[in-house]
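Each reported figure results from applying straightforward, stated rules to the coordinates on display, with no laboratory input. Quick caveat, the model's predicted, so the values are computed rather than measured. Every residue, glycine as well, gets a Cβ built from its backbone with ideal geometry; the counts of neighbours run over all protein chains shown.
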Amino acid sequence: MFFFQLAILLLCIVIGARLGGIALGTVSGIGLAFFMVVLGMPPGNPPAVVLGMILAVITALSMMEAAGGMDFLVLTAEKLLRKNPRRITVLAPLITYLLIFAAGTQHVIYSLLPVIAEVSTKAGVRPERAMSMSVIAAQHGLIASPVSAATVALLAALVTLGASLGQILMVTIPATLFGVAMGILSVAWKGRELADDPEAQQRLAEVTAADAQQTTMEEAARKRGMGSCMVFLCGVAVVVLFGLFPALRPSYTALVDGVPVSTSVDMGRVIMIVMLAAAGLITFLFKASPAAAVQGKLMRGGLVAIISILGVSWLGSSFFNANEETIVGTISAFIGNYPWVFALGLFVLSILLFSQAATIVILAPVGVALGMPLHLLIGVYPAVNGNFFLPTYGTVLAAVSFDQTGTTKIGKYLLNHSFMIPGLVTTVSATCAGLVLAALLL
């Protein structure tokens, strides 16, 4: 029966991932109904706190987008790239990392990719180097961000072990930066120089489309965008501050068994309150349209993530609750001796789900139940970046389409694509660095 239930779980994940969008959540709903009605399994629990935190962050991001904050971030990054075209292979991944780190979402990379392609081509630098590594850097900037859905989900899963946001960040940020640096080195001399590549030169000669236009903003719009961006980043800073120094969190008196007890606000509620407050300030101070925020790309993408995580994590919770004794008893000793197996599980599941957050929501509680120590659970976190492995992820396809020289490509054998080497080098390096740092610091 265990393997039949596991097959149903994997079938729902594979079908939902293939259909895309909210299908991961809706197909998981069918599986959950089958578990409960036909097999008589426990219904499990939806990750309410995780969903609440993600929704609050997405709300703040959407209001910032409506006020022009995302346009301001992209414009700033674009100016830096155009000022240093010959260093595009190094600067593009680092700027992309910082941009995604600040925004907490990969959606902004779609505005930056055509700029990277254009600047690389005009500078005579093979675009594949900067394009492929920027896509990988975006994934690692996402998991390092204190307000990304993946980090929020990890914090919620590890709170029972006493984990803090500060502990996660002090490992994840330097580990991912080290990984990105190794990834940049892996592509620094990759392929022929653009001038020596006849195929690329032929494609450039055939291109008739206009070059990517430099982004511009009117002065009033720029001020609103900059202001909204500053409010959001201040909100992020407040979240990080409360995460690093729990004593600073607001406290209140609650009755426990009839006895008044002073209690600090937990990090889940801190993130929700701060992000909703930031969204409110942006609304009032910078004339952000609530209607425009709801219709924006970030809100649409956020709702897809929320529905997907709701369905697939609830399905996983039902399966785990019904088979907890079997799962824990069978693999706890094995993972205890070989922690890399858990890292491999994160990597493989992220390939199937195309979502770091959904992967963490499913597997992090399993790691906690298995009794894995906190330093291992945080150390292997960078392994969740397997989205690049199959060349079907949105940012991968976008990078291929924006490179008019054709150097950024999907290979004849599917897996020999431009993102494989930098992706593997960056993810393995970041995970190894994360394990070392976590063992030393936690």
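Rank by packing, highest mean first: peptides 410-420, 97-107, with packing defined as the count of other Cβ atoms within 10 Å averaged across residues.
97-107, 410-420
Between the alpha-carbon centers of the stretch 6-32 and the stretch 409-424, tell me the distance in whole angstrom.
Centre-to-centre distance over Cα atoms comes out at 27 Å.
What's the angle, to the nearest 10 degrees (0 to 90), between helix 23-33's Cα axis and the longest principal axis of the chain?
20
Give me the distance between the Cα centres of the stretch 102-156 and the stretch 231-275, rounded to whole Å.
31
Using Cβ contacts closer than 10 Å as the measure, can you line up Met226, Met63, Met53, Met133 from fewest to most?
Arranged by neighbour count, lowest to highest, Met226, Met63, Met53, Met133 become Met226, Met53, Met63, Met133.
For the chain, what does the helix formula give at 222 nm: sum of -39500 (n - 2.57) over DSSP H segments with n ≥ 4, over the residue count, nearest 500 deg cm²/dmol?
Value at 222 nm, helices only: -23500 deg cm²/dmol.
Using Cα springs under 10 Å in a Gaussian network model of the chain, which residue among Leu161, Leu177, Leu55 shows the largest mean-square fluctuation?
Leu161
Can you give me the angle between helix 109-123 and the longest principal axis of the chain, using Cα atoms only, in degrees from 0 to 90, rounded to the nearest 10?
30
What ranking of Cys12, Cys234 emerges when the number of other C-beta atoms within 10 Å of each C-beta is taken as an exposure proxy, fewest first?
Fewest-to-most ranking of Cys12, Cys234: Cys234, Cys12.
Take Ser264, Ser134, Ser111 and order them by how many other Cβ atoms sit within 10 Å, fewest up front.
Numbers: Ser264 15, Ser134 31, Ser111 18.
The fewest-first ordering by Cβ neighbours comes to Ser264, Ser111, Ser134.
Kindly write out, for the stretch 73-84 in residue order, the coupling ³J(HN,Hα) from the Karplus curve 6.51 cos²θ - 1.76 cosθ + 1.60 (θ = phi - 60°), rounded to whole Hz, with x marking Gly and Pro.
4, 5, 4, 4, 5, 5, 4, 5, 5, 5, 7, 10
Using a Gaussian network model on the chain with a 10 Å cutoff between Cα atoms, which of Thr359, Thr160, Thr395 fluctuates the most?
The residue that fluctuates most here is Thr160.
Any idea how far the Cα center of the stretch 277-331 sits from the one of the stretch 363-393, in Å?
18
Quick one: angle between helix 219-244 and the longest Cα principal axis of the chain, in degrees between 0 and 90, rounded to 10, please.
Result, in degrees: 40.
May I ask you to evaluate 6.51 cos²θ - 1.76 cosθ + 1.60, the Karplus curve with θ = phi - 60°, for each residue of the stretch 375-387 and list the ³J(HN,Hα) values in order in whole Hz, giving x for glycine and proline?
Taking θ as phi minus 60°, the curve returns 5, 6, 5, 6, x, 8, 3, x, 5, 6, 8, x, 4 Hz for the stretch 375-387.
Could you give the size of the charge dipole of the chain about its Cα centre, using +1 on the Cβ of each K and R and -1 on the Cβ of each D and E, expressed in debye and rounded to the nearest 20?
Its charge dipole is roughly 640 debye.
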